[in-house]
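The values are calculated or read from the model by the stated rules, or taken from the named source; none is laboratory data. Nothing here was measured: the structure is a model prediction, and the numbers come from that model. Quick reminder, even Gly has a Cβ in these numbers, built from the backbone with ideal geometry, and neighbours come from all protein chains shown.
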There are 2 protein chains.
Amino acid sequence: MDIKANMQALGQRARIASAAMAKASTAAKNQALQAIAHAIRRDAAILRAANEQDLAAARTAGLEPAMLDRLTLSEQAINTMAEGLEQMVKLPDPVGEITDMKFRPSGIQIGKMRVPLGVIGIIYEARPNVTVDAAGLCIKSGNATILRGGSEAIHCNRALAKLVREGLSSAGLPADAVQVVDTTDRAAVGALITMPEYVDVIVPRGGKSLIARLMQEATVPMIKHLDGICHVYIDDKADLQKAVPVAFNAKCHRYGTCNTMETLLVARSVAPAFLPAVAAQYQEKQVELRCDPEAAAILQAYPYLATATEEDWRTEYLAPVLAVKIVADVDEAIAHINRYSSKHTESIITEDYTRAMQFLREVDSSSVMVNASTRFADGFEYGLGAEIGISNDKLHARGPVGLEGLTSQKYVVFGSGQIRQ
Amino acid sequence: MDIKANMQALGQRARIASAAMAKASTAAKNQALQAIAHAIRRDAAILRAANEQDLAAARTAGLEPAMLDRLTLSEQAINTMAEGLEQMVKLPDPVGEITDMKFRPSGIQIGKMRVPLGVIGIIYEARPNVTVDAAGLCIKSGNATILRGGSEAIHCNRALAKLVREGLSSAGLPADAVQVVDTTDRAAVGALITMPEYVDVIVPRGGKSLIARLMQEATVPMIKHLDGICHVYIDDKADLQKAVPVAFNAKCHRYGTCNTMETLLVARSVAPAFLPAVAAQYQEKQVELRCDPEAAAILQAYPYLATATEEDWRTEYLAPVLAVKIVADVDEAIAHINRYSSKHTESIITEDYTRAMQFLREVDSSSVMVNASTRFADGFEYGLGAEIGISNDKLHARGPVGLEGLTSQKYVVFGSGQIRQ
């Protein structure tokens, strides 16, 4: 009960702060971002010491190396956080932008004004840099935020929260615009997702089991960042000079990211030419290829060959492993994708205009590409600036969520005394 | 359990139909709309007979006159339904529209493509015309829909469903793109709002108690159509030649609509001039004025005067009743609105530029107006064509929801073999 009351108090303070943030000037918001960047650089040693406390506890708890890696705040990571804030200063302020103004026959002029969402709750992994990125994005977009990072990062997050509050205050903005949940009790998450009176939207990042739990319990709407089971389809009209590098890049540029290709679909008639060519490159990286029988027959000499099962079409490996399947044509590729994909990012490699257009139209994913690596599905690459996550949802924000995804549009009407007839 | 299984089967069929609808041509969708309009005119007598069955049952059940009125399908109402479909034919098809294309330094070209949401569940009152409007909007926007109208209209909705299916089939589209829930059992609603695997969004229309129940139970996201506690604020820089007609129109043009003004806020210094002038008009319509003490002192001679209580600031009267409050200035007006409004529509009457801009920026409602009647907050008046409701939500669709609100945007990338560096 104490936790619930504490979270409600946090929510109340956030709601009050959100009103001030909504009308904050661009100059004040930018000043806060710059002050936080400055404080982070100034207190780098303090941040590293706090991080060291977290790391020591995590090592004792036997955390996996990949998670330790994400938790670590190196000198370079501290600098990158500060730079990220400085880049946000340069992004245009989305708040207050009026678009689509048009006159109606009644004489009123109607358009849309972009406004903050209000209070945003963000639930994320034990990655201290997300604390700063998320705080920065929420400040710039005029929102208040409640941040709940992974409990393993609690010391570091507390230290960062102090600097963020200092930066907000120095710019004349309410320190409560960014609050870090100061408990590792999981009940805090339960409270956060069930107080729609104080929280307008929840952005959950993290594993499937977290999201599944939130979907059952949340009464606050969510912008969900789910897994990425991304596909590349090599059409029989593909230019193999493009297909091989894209298929290699989509898998091997980075294994652990959500926009990495996990299943490669190949049109039957080009498979005998394409598969050995791309496999020669995968072999250098020791990529395991889990093939359907047809692809396996073509790649029988490949040293890291395995047999694909139904489960492979549904798996996000995040590792040097790739599912490979032969399909008849673009229709079968689209049907496979719409059945198994997590609706994140898919790409077709083809020189055929009509098939490219069909793929763009019919594939039901947040990013659909022609002749490009799925690795481009990213806020920076799309020109949004920073991103808070990549939404697999269809409502509101879809794909990489930047400043615009943290805002809403209301209708504005300019009249001169019109009444309805 | 049977109901749940039946709803799941409905959902499965809708999901399959949605794939065909998403790629349907504009011509086929328009042909379906025209065929349905034709069938409605042709079978007007059959529809009226089915409606007569509903009305007889409703009279026996002792339904209120206002609800009987909404349930009644007059000859004119039948014609209006058909005309509504014919107007939708003329609206541009939102699906497939690509916008915001830009080149990125990597060489990829990135933009957004508008796509249907998928399967839309609509829960609404016993108003047969909504069945046809909703079906038409979902067809035009390339979605499949499951319609659950008020049980009092079941016979009429069945008859309409038959004509809609006939129209879809005649245009080569799947009849299952529009399904009417063929049971009056309330368990059907419970099933509909908890099958996210088959339903992408729920649009609930109707009373507060329905929405409150759905908010507790739904696991499918919602676009909620709530109540309208709309305000007009008469600033001390208002032109009274505009203020009086707007304040009269916003209350008296129609009492039962959600964009009708329910609370009138008046700046202290103009209240002695403004209130008697507008009251002279309200008096002709016998509008009850529930006033705070200051306004009551000015209007003491008004024959339908009453005292406002705290409850009045939170009440949607939908009747010739108006709450009236004196405020110091635009700041107090905005504070009152953001506290009590249902975030639907608010209007300021002023000649002062800075206050107009402040009101537009700081009032947190789906429509914010300057010098215009709140009655303009409507899909037709805004130029959206028909509307499925007016969203009080901030995420996704806000304000009047037309064809665009029933769609989403995905990112599309045109490349020429780019790989991520």
Item checked: Output for region A:194-220, where each listed residue is free of Cβ contacts under 8 Å to residues at least 24 places away in the same chain and within 13 Å of chain B (Cβ to nearest Cβ) -> A:I211, A:A212, A:R213, A:M215, A:Q216
Item checked: Residues of region B:199-213 satisfying the condition of being in contact with a strand residue (DSSP E or B) (Cβ under 6 Å, 6 or more places away or on another chain) and assigned to a loop (DSSP other than H, G, I, E, B) -> B:V199, B:D200, B:R205
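Here is a yes/no grid of residues against (1) part of a helix (DSSP H, G or I); (2) of a type in the set (A, V, I, L, M, F, W, C); (3) surrounded by fewer than 19 Cβ atoms within 10 Å (Cβ to Cβ):
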residue	(1), (2), (3)
A:A9	yes, yes, yes
A:R15	yes, no, yes
A:A20	yes, yes, yes
A:A35	yes, yes, no
A:A45	yes, yes, yes
A:A49	yes, yes, yes
A:D54	yes, no, no
A:R59	yes, no, yes
Notebook entry, point to check: Can you name the number of the only condition in (1) out of contact with any Lys or Arg (no Cβ under 9 Å at 6 or more places or on another chain); (2) small (G, A, S); (3) under 21 Å from B:D378 (Cα atoms) that B:A250 fails?
Noted result: (1)
Next item on the list: Would you check which residues across region A:253-273 are in contact with a strand residue (DSSP E or B) (Cβ under 7 Å, 6 or more places away or on another chain), within 14 Å of another protein chain (Cβ to nearest Cβ) and not hydroxyl-bearing (S, T, Y) and list them?
Entry: A:C258, A:N259, A:M261
Notebook entry, point to check: Going by the structure shown, is A:F359 under 14 Å from B:F414 (Cα atoms) and in a helix (DSSP H, G or I)?
Noted result: yes
Next item on the list: May I ask you to list the residues in region A:405-421 that are at the interface with chain B (Cβ under 7 Å from one of its Cβ atoms), among the aliphatic types (A, V, I, L, M) and under 26 Å from A:I139 (Cβ atoms)?
Entry: A:V412
Margin query: I'd like to know if region B:100-117 contains one or more residues that are modelled with pLDDT under 95 and over 30 Å from B:G190 (Cβ atoms).
Written below: yes
Next item on the list: Within region A:392-404, identify whether any single residue is facing chain B (nearest Cβ under 10 Å) and assigned to a strand (DSSP E or B), and answer yes or no.
Entry: yes
Next item on the list: Of the numbered conditions (1) closer than 18 Å to B:F359 by Cβ; (2) of a type outside the set (S, T, N, Q); (3) within 17 Å of the chain's Cα centre (by Cα); (4) within 11 Å of another protein chain (Cβ to nearest Cβ), B:A250 fails exactly one; give the number of that condition.
Entry: (3)
Next item on the list: Name every residue in region A:314-355 that is out of contact with any Phe, Trp or Tyr (no Cβ under 8 Å at 6 or more places or on another chain) and of a type in the set (A, V, I, L, M, F, W, C), in order of residue number.
Entry: A:V321, A:V324, A:I326, A:A328, A:A335
Next item on the list: Scan region B:344-372 for residues that are in contact (Cβ under 8 Å) with a residue 24 or more places away in the chain, at the interface with chain A (Cβ under 9 Å from one of its Cβ atoms) and surrounded by 24 or more Cβ atoms within 10 Å (Cβ to Cβ) and jot them down.
Entry: B:T345, B:S347, B:I349, B:V363, B:S365, B:S366, B:S367, B:M369, B:A372
Notebook entry, point to check: So which pairs qualify, if the first residue must be in region B:291-305 and assigned by TED's automatic domain parsing to the domain that holds B:L322, the second must be of a type in the set (G, A, S) and part of a loop (DSSP other than H, G, I, E, B), the Cβ gap must be under 6 Å, and the two must be at least 6 apart or on different chains?
Noted result: B:C291/B:A308; B:D292/B:A308
Check: Quick one: is B:V89 in a loop (DSSP other than H, G, I, E, B), touching a residue at least 12 places away in the same chain (Cβ under 8 Å) and either β-branched (V, I, T) or buried (at least 18 other Cβ atoms within 10 Å of the Cβ) (or both)?
Finding: no
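Conditions (1) farther than 20 Å from A:T131 by Cα; (2) at pLDDT 85 or above, marked per residue:
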site: A:P174; (1), (2): no, yes
site: A:A188; (1), (2): no, yes
site: A:T194; (1), (2): yes, yes
site: A:V203; (1), (2): no, yes
site: A:K208; (1), (2): yes, no
site: A:P221; (1), (2): yes, yes
site: A:L226; (1), (2): no, no
site: A:C230; (1), (2): yes, yes
Note to self: Considering only residues that are more than 9 Å from chain A (Cβ to nearest Cβ) and of a type in the set (K, R), which ones fall in region B:234-247?
What the structure shows: B:K237
Next item on the list: Can you tell me which residue within region B:103-117, out of those that are facing chain A (nearest Cβ under 7 Å) and more than 15 Å from A:V363 (Cβ to Cβ), is surrounded by the fewest Cβ atoms within 10 Å (Cβ to Cβ)?
Entry: B:R104
Check: Out of all the residues in region B:280-289, is one or more touching a residue at least 40 places away in the same chain (Cβ under 8 Å) and within 25 Å of the chain's Cα centre (by Cα)?
Finding: no
Notebook entry, point to check: When residues of region A:214-246 are filtered for being more than 23 Å from the chain's Cα centre (by Cα) and part of a loop (DSSP other than H, G, I, E, B), how many remain?
Noted result: 5
Next item on the list: Give the residue that is nearest to the other protein chains (Cβ to nearest Cβ), with candidates limited to residues of region B:373-391 that are of a type in the set (G, A, S) and either crowded, with 21+ Cβ neighbours inside 10 Å or touching a residue at least 12 places away in the same chain (Cβ under 8 Å) (or both).
Entry: B:S373
